[in-house]
Protein chains: 2
Amino acid sequence: KLPDIIHNKVQAVVGVECPSEEEAAEHGKARAIGVVFSGGPAPGGHNVIAGIYDAAVKANPDTKVLGFLMGPDGVIENEYTVLTKEIVDNYRNLGGFGMIKTGRTKIDSVKKVSSARQTCKDLGLDALVIIGGDDSNTNAAFLAQELKDDGVQVIGVPKTIDGDIQVRDKSGNVLCAMSFGFHTAARAFATEISNLCTDASSDVKYWHICKVMGRVASHLALEVALQTHANLTLIGEELSEYVDYERIQKAEATGQTDYTAYGMTLRHLSRVICNGIVRRAAVGKNYGVMVIPEGVLEFINEIQTFIIKLNTIIADFNEMHDRPFHLEFQRLEEKLEYLRRLARRSREDDSFTLWNTRDDDLFSDLPIFFQEGLLMERDSHGNFPFSQVETDKVIMGLVQDYLAWLRDQGKYKVGLTRDYYEKTMKKGGADPQLYGPVLFRNYQDGEFLLMKEEIMSLKTLTQEMIRCNALKEGESIPSAVQAIYKKSIPSFKTQVHFYGYDGRGSDPTWFDCTYTYNLGLTVFSLIAAGATGQMAAIRNLERDFETWEPIGIPIGPLMHLEERKGKLTLVIEKSTVQLNSASFQVVKNLREKWLAAHPGPDEFRRPGPISMGDPRSEDRPITLALNALGSTPPEE
Amino acid sequence: KLPDIIHNKVQAVVGVECPSEEEAAEHGKARAIGVVFSGGPAPGGHNVIAGIYDAAVKANPDTKVLGFLMGPDGVIENEYTVLTKEIVDNYRNLGGFGMIKTGRTKIDSVKKVSSARQTCKDLGLDALVIIGGDDSNTNAAFLAQELKDDGVQVIGVPKTIDGDIQVRDKSGNVLCAMSFGFHTAARAFATEISNLCTDASSDVKYWHICKVMGRVASHLALEVALQTHANLTLIGEELSEYVDYERIQKAEATGQTDYTAYGMTLRHLSRVICNGIVRRAAVGKNYGVMVIPEGVLEFINEIQTFIIKLNTIIADFNEMHDRPFHLEFQRLEEKLEYLRRLARRSREDDSFTLWNTRDDDLFSDLPIFFQEGLLMERDSHGNFPFSQVETDKVIMGLVQDYLAWLRDQGKYKVGLTRDYYEKTMKKGGADPQLYGPVLFRNYQDGEFLLMKEEIMSLKTLTQEMIRCNALKEGESIPSAVQAIYKKSIPSFKTQVHFYGYDGRGSDPTWFDCTYTYNLGLTVFSLIAAGATGQMAAIRNLERDFETWEPIGIPIGPLMHLEERKGKLTLVIEKSTVQLNSASFQVVKNLREKWLAAHPGPDEFRRPGPISMGDPRSEDRPITLALNALGSTPPEE
């Protein structure tokens, strides 16, 4: 499909000491170059344009750089502005895409490609630069092919705050370690989440739940974890890679394979989260900060399985009956009852495995609104509207439910220091030694005293005291004991936050400023060298600036087939978090430390606000620096 | 109630050039001083303690400063830590209250006061410093009275990011212009909201709705407006002061007074907001940024009236019937039907005015969930749970409804430039001159072309074209005309944000650092001078540092009676935004400019992140600087 660009090679941009006359003429010829933003804003975009403009005008002052307005629509409709030094200078080092705006249109139909071609022809363009995400770079590759015969070069620039464009060559060497905008967005989120860490440990009453942008990959959550040392961070990729070995062994014993053993269930995830919450409470910290990637539900295999199973169930029903499923069962309760019937059938009929008791069980765990969502009528492609689901509500709903159960079981308690216990008792005229063994499960050796599980109310407290002969029937509980009891009962309060739009509108960090300006210079070099269908990139981003290597990466070979809206489509594969990467391994190894379910202060890190040229601010993303160490986990 | 402190005078803190031996001994005697945080964290709190510590230890190295832990509970329970230079140094200039944490307990019962007294006695305290909001300073005054005979001085320090502690003397001179933490919180919110301004004008698809903390006063929203020049900012105080003169005149004509003319209704407010949205869309800007104070609903008289009326209606019903209201009418629809019956009765019976047609009308305007909330069973005090209501949802629900109506009426359209129209038509082979007068209501003279109101669908477009002889029955609409039609149809997309917790956890600005450290020094001077029941403050905050004047403000006279939880209570009056203040007048006068419903770019201001010692960052809150100009509105 891309005959003229699929054989492109990685192209190093190198200076030529003594260029031939021909080379010099080619480099310095007057050109018309169009640039366009595509997709959501990312900090540094203006500097890409500044780099292109500076290099182009330096090579030939007659070169025109045209900025297409409002994204790809501007290319299709021939809406542009001629960029001048004044315009470019006004936006250098500034965030957003305000200079020429952006848009979401894809140039993906015959008609739109033909309009784009016409625009290039009308404007006499020599090159078109598309600054966008994976889809936009895919688009750039197809356009490069389409416009090849017109002599229009197309160059892509990898932009996305999500950080999911990362490229290695076949030998595994990193070509593009990170898209631009990622560092700034992560730093902006980290600044705000770090402020929440300060708030949490000052006010000691809230768990702050922070959802951060990133649907397909958890890079931003990972970087935020490294920047802030928040108490709990979910990494979607880890959840989908989880394997329940116990379940596998059980199945193996019967000679079967249990596919449900792969991937973490929502129920299991809520247990993991609650475990962290309960352990912190046990050392008196009934508060904290948790980071959730926006797209975490897409990593839960169980949900993907539900979607497939429910689609099949509904399709089967519609085939067998005159009335369609959604008409036959209009209320949620009716739909659930039908599912329960299927689960009963699976118990009686071994050959029926589409909806078993475990499915029914896990499904009924889900919050009502999410059950409704999963059982809603689908669009024509059968897609589930993930974007409408409030991820945090699904997960925190389960967490709330399980925590309530743990509280009822007496397993979720606030730990009290021995010192506090003894002082309170003495002040109330009660003997701590007498009541200690009655009240606490670990009175002998605990640093933080935990009330016995069976004491969950003033009533059970009375019963336990009577049982231990610390109270006589009809006597009232000493007020000091009551006070201690009250302190041991946690209330779970959350504040939910979403970090996305304000971070992507931030002014770029020094790293993103420099990176993007050099991407712009690289783009011009690629154009001057006659490249097309290439994506501009910088190698060695993780090292000193002197070692940075501008290159062109062939886009064609990056593509693979993927289902999009029910059709197989050629797209650039998104990079997800690699579980063997140094950055993930560090987060994994330090997870227990950052949870800080131990006496003493939390382990929060305070990155501080983004500040251009502040020597204290670290000079590049922490994940970038760590991943450069290689993919072998560092020794602890 | 406060015999020993009510006659306190404003107390200037002045140096004594040649102190007498007695004075020097008093100043330099060894003391034990307790400090405690009360209420939500505010940036700068640590510096208050640092100032107290430095001054106290300088006066006498043997003086002990004790930090009570977890807020007033620490005072009641005698939980404290002895502050050392190392501890204090660890927290200088840092945000939050992490050094000793905070809490919400009020020392307001006989029992709690007696525990607090005991703590002071046990520790041999000379003075207790309460760093908190209006309620905590009220508390400080009562404690000062209670502990007077024990020889324990109590000093308050005005803390609240909401900025609603402001004090003038009887002649109107400013004594305390602003509580600490306000500047930092406002700057933090402004940084993030300014990023949203950048995002909005890059991505051109969202209205960002930003709710900012501040329940009782809109100071933070006002400062954020001045910092960011967001397109629309609601100021609660303005809404409650609104007067509908037309309504008054109408009533006067019949010799009556129409009390419903005072205060803006929610319906009216939604019209005002929609008007701004529609006017921006008309110049092609179907996006923007809007700031809403968290407590805006508390300023809507209509809602206060609903609460009172509904309480009366329900009480009347319960008195007249055997079954209580909430049992008789369980579903919302039944309750609404009862209200409709009352409205009918009011039409037939002039003497029945409790629930009239207008009430019923305005009430049915409200979003369902808010109707339900207002008709819920109240707690024992009859209080409406405002804190559970999502302010933005109530207001944006009405805005969505009214915008949908405006769209149906053809009044909400995206304006197109003449240039864009003509080019699109020509490219599509259609004559712009021919179709212009058919499509647009202002084709003769509009800078931005607005589609006729009656054209709201492809069907009405066809009808209008046929009516104007631009299309024959059965012909299809030229594709260029269709494209133009599509561009003129707006979709209203919002993203909602809440700014609060992360801002109050920020590190303090230079202003808050300096202000709070000097508050700490002032506190010690007041203690050394024997004061009690005073609140530390700095005069001339708005002027150069050299002119700052440390003072003590008597807390007693600041108090007034207020209903709290159904009881009249003595509390410090909260300061709301004064509509004749320079800061409000500036926002009011520049409102039209900042709405930017005109061609050309928006008027956003970019404050940038908080940066200690950055000479570019303004040195104090803008409201503070403006209000120092006096309360006469400046000339335009």
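A few remarks follow.
- Selection count where residues are surrounded by fewer than 19 Cβ atoms within 10 Å (Cβ to Cβ) and more than 21 Å from residue B:151 (Cα to Cα), scope the stretch B:11-43: 9
- Condition check for residue B:577 on (1) more than 27 Å from residue B:279 (Cβ to Cβ); (2) assigned to a loop (DSSP other than H, G, I, E, B): one failure, at (1).
- Any hit, the stretch B:401-411, residues being within 14 Å of another protein chain (Cβ to nearest Cβ), over 18 Å from residue B:479 (Cα atoms) and at pLDDT 90 or above: no
- Residue within the stretch B:188-208 that is more than 30 Å from residue B:11 (Cα to Cα), in a strand (DSSP E or B) and within 14 Å of another protein chain (Cβ to nearest Cβ) present: yes
- Comparison of B:320, B:290 shows that the only residue that is in contact with a strand residue (DSSP E or B) (Cβ under 6 Å, 6 or more places away or on another chain) and not basic (Lys, Arg) is B:290.
- Filtered residue count, the stretch A:105-118, keeping only those that are out of contact with any Pro (no Cβ under 6 Å at 6 or more places or on another chain) and either at the interface with chain B (Cβ under 9 Å from one of its Cβ atoms) or surrounded by 21 or more Cβ atoms within 10 Å (Cβ to Cβ) (or both): 3
Residue-by-condition table, conditions (1) more than 29 Å from the chain's Cα centre (by Cα); (2) in the same structural domain as residue A:314 (by TED's automatic domain parsing); (3) buried (at least 20 other Cβ atoms within 10 Å of the Cβ):
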residue	(1), (2), (3)
A:394	no, yes, yes
A:400	no, yes, no
A:418	yes, no, no
A:429	yes, no, no
A:445	yes, no, no
A:449	yes, no, yes
A:454	yes, no, no
A:458	yes, no, no
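So that you can scan it fast, the table gives a plain yes or no per residue for (1) within 18 Å of residue A:196 (Cα to Cα); (2) at pLDDT 95 or above:
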{"site": "B:161", "(1), (2)": "yes, yes"}
{"site": "B:165", "(1), (2)": "no, no"}
{"site": "B:174", "(1), (2)": "no, no"}
{"site": "B:180", "(1), (2)": "no, yes"}
{"site": "B:188", "(1), (2)": "yes, yes"}
{"site": "B:197", "(1), (2)": "no, yes"}
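- Of residues in the stretch B:77-99 being assigned to a helix (DSSP H, G or I) and buried (at least 21 other Cβ atoms within 10 Å of the Cβ), the one farthest from the chain's Cα centre (by Cα): B:77
- Pairs linking a residue in the stretch A:380-397 that is modelled with pLDDT of 85 or more to a residue that is surrounded by fewer than 16 Cβ atoms within 10 Å (Cβ to Cβ) and not β-branched (Val, Ile, Thr), with Cβ atoms under 9 Å and 6 or more positions apart or on different chains, are A:393/A:369; A:394/A:369; A:397/A:369.
- Test set (1) within 14 Å of chain A (Cβ to nearest Cβ); (2) hydroxyl-bearing (Ser, Thr, Tyr); (3) part of a helix (DSSP H, G or I) - residue B:102 fails condition number: (3)
- Residue among A:455, A:551, A:484, A:466 that alone is modelled with pLDDT of 95 or more, closer than 30 Å to residue A:155 by Cβ and not small (Gly, Ala, Ser): A:551
- For the stretch B:405-448, the tally of residues that are of a type in the set (A, V, I, L, M) and closer than 18 Å to residue B:491 by Cα stands at 3.
- Candidate set from the stretch B:403-416 (those that are among the basic types (Lys, Arg) and in contact with a helix residue (DSSP H, G or I) (Cβ under 9 Å, 6 or more places away or on another chain)); member that is surrounded by the fewest Cβ atoms within 10 Å (Cβ to Cβ): B:411
- Residue check for residue B:184: β-branched (Val, Ile, Thr), within 30 Å of residue B:292 (Cβ to Cβ), in a helix (DSSP H, G or I) and modelled with pLDDT of 95 or more: yes
- Test: residue B:354 is assigned by TED's automatic domain parsing to the domain that holds residue B:403 and either in contact with a Gly (Cβ under 7 Å, 6 or more places away or on another chain) or within 27 Å of residue B:497 (Cα to Cα) (or both): no
- Qualifying position, being among the basic types (Lys, Arg) and buried (at least 16 other Cβ atoms within 10 Å of the Cβ), among B:467, B:504: B:504
- Between B:563, B:603, the distinction of being surrounded by 13 or more Cβ atoms within 10 Å (Cβ to Cβ) and either within 22 Å of the chain's Cα centre (by Cα) or modelled with pLDDT of 90 or more (or both) belongs to B:603 only.
- Looking across the stretch A:172-187 at every residue that is farther than 23 Å from residue B:189 by Cα and not hydroxyl-bearing (Ser, Thr, Tyr), the one that is farthest from the other protein chains (Cβ to nearest Cβ) is identified as A:172.
- Subset of the stretch B:121-146 [of a type in the set (A, V, I, L, M, F, W, C) and touching a helix residue (DSSP H, G or I) at 6+ places or on another chain (Cβ under 6 Å)]: B:127, B:129, B:130, B:131, B:141
- Residues satisfying the stated conditions in the stretch B:525-554, i.e. among the hydrophobic types (A, V, I, L, M, F, W, C) and either free of Cβ contacts under 8 Å to residues at least 60 places away in the same chain or closer than 22 Å to residue B:64 by Cα (or both): B:526, B:527, B:528, B:529, B:531, B:535, B:536, B:545, B:548
- Residue B:264 assigned to a loop (DSSP other than H, G, I, E, B), assigned by TED's automatic domain parsing to the domain that holds residue B:244 and closer than 14 Å to residue B:395 by Cβ: yes
- Contacts under 6 angstrom Cβ, first residue in the stretch A:131-144 being without any contact (Cβ under 8 Å) to a residue 40 or more places away in the chain and in a helix (DSSP H, G or I), partner crowded, with 24+ Cβ neighbours inside 10 Å and of a type in the set (A, V, I, L, M, F, W, C), 6 or more apart: A:143/A:154
- Selection of first residues in the stretch A:93-110 that are farther than 21 Å from residue B:193 by Cα and of second residues that are in a loop (DSSP other than H, G, I, E, B) and not hydrophobic (A, V, I, L, M, F, W, C), restricted to Cβ pairs under 7 Å at least 6 apart or on distinct chains, gives the following pairs, ordered by first then second residue: A:103/A:71; A:104/A:39; A:104/A:71; A:105/A:71.
- For the stretch A:243-259, the tally of residues that are under 25 Å from residue A:405 (Cα atoms) and either surrounded by 15 or more Cβ atoms within 10 Å (Cβ to Cβ) or of a type in the set (Ser, Thr, Tyr) (or both) stands at 1.
- For the residues A:258, A:199, the requirement of being under 30 Å from residue B:505 (Cα atoms) and among the acidic types (Asp, Glu) singles out A:199.
- Only one of A:470, A:480 that is within 14 Å of another protein chain (Cβ to nearest Cβ), over 30 Å from residue A:398 (Cβ atoms) and small (Gly, Ala, Ser): A:480
The values are calculated or read from the model by the stated rules, or taken from the named source; none is laboratory data. Quick caveat, the model's predicted, so the values are computed rather than measured. Here Cβ is always computed from backbone atoms with ideal geometry, including for glycine, and neighbour counts include all displayed protein chains.
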